[in-house]
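Here's the structure, in structure tokens; my notes come after.
The values are calculated or read from the model by the stated rules, or taken from the named source; none is laboratory data. These figures come from a predicted structure and were not determined experimentally. Glycine gets a Cβ as well: all are built from the backbone with ideal geometry, and neighbour counts include every protein chain shown. Calculation scope for accessible area: heavy atoms of the full protein, side chains included, ligands and nucleic acids excluded. Shrake-Rupley method; radii C 1.70, N 1.55, O 1.52, S 1.80 Å.
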Amino acid sequence: MVKKKKYRDVNALKYSPLYTERRNHPTPNGGDYSIAFYYDEEHNPCTREEAWYINIVEYTADGEKIYEHYGLTERGSYIDS
């Protein structure tokens, strides 16, 4: 019997406080706040501690998206020796 992998409902979890982090501060590209979204190895939303990938989105005070940054976390950027 083949086990089906259970995927999380990404849309329901995407803006959960567990998987995002909002910072109210001026951003490098002229925004008023930013939200960081954390993803695991399989690109599912996860906590900051479990994250391999991060997506930081900068917004204006009106909620308009103005810039996105994508990258790896320390956990996701390991190097095999």
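Of everything in segment 23-45, what is surrounded by 17 or more Cβ atoms within 10 Å (Cβ to Cβ) and part of a loop (DSSP other than H, G, I, E, B)? Give them in sequence order.
Hits for segment 23-45 are Thr27, Gly31, Asp40.
Which number in (1) open to solvent by 70 Å² or more (accessible area, probe 1.4 Å); (2) more than 17 Å from Ser77 (Cα to Cα) marks the one condition that Arg48 misses?
The single condition Arg48 does not satisfy is (2).
Being open to solvent by 60 Å² or more (accessible area, probe 1.4 Å) and closer than 16 Å to Asn24 by Cβ narrows it down to one residue among Glu74, Glu64; which is it?
Step by step, each of Glu74, Glu64 is checked, and only Glu64 is open to solvent by 60 Å² or more (accessible area, probe 1.4 Å) and closer than 16 Å to Asn24 by Cβ.
Of all residues in segment 50-81, how many are modelled with pLDDT of 90 or more and in a loop (DSSP other than H, G, I, E, B)?
First, the residues of segment 50-81 that are modelled with pLDDT of 90 or more: 50-72.
In the following step, the residues that additionally are in a loop (DSSP other than H, G, I, E, B) were identified as 50-52, 60-64.
Here the count works out to 8.
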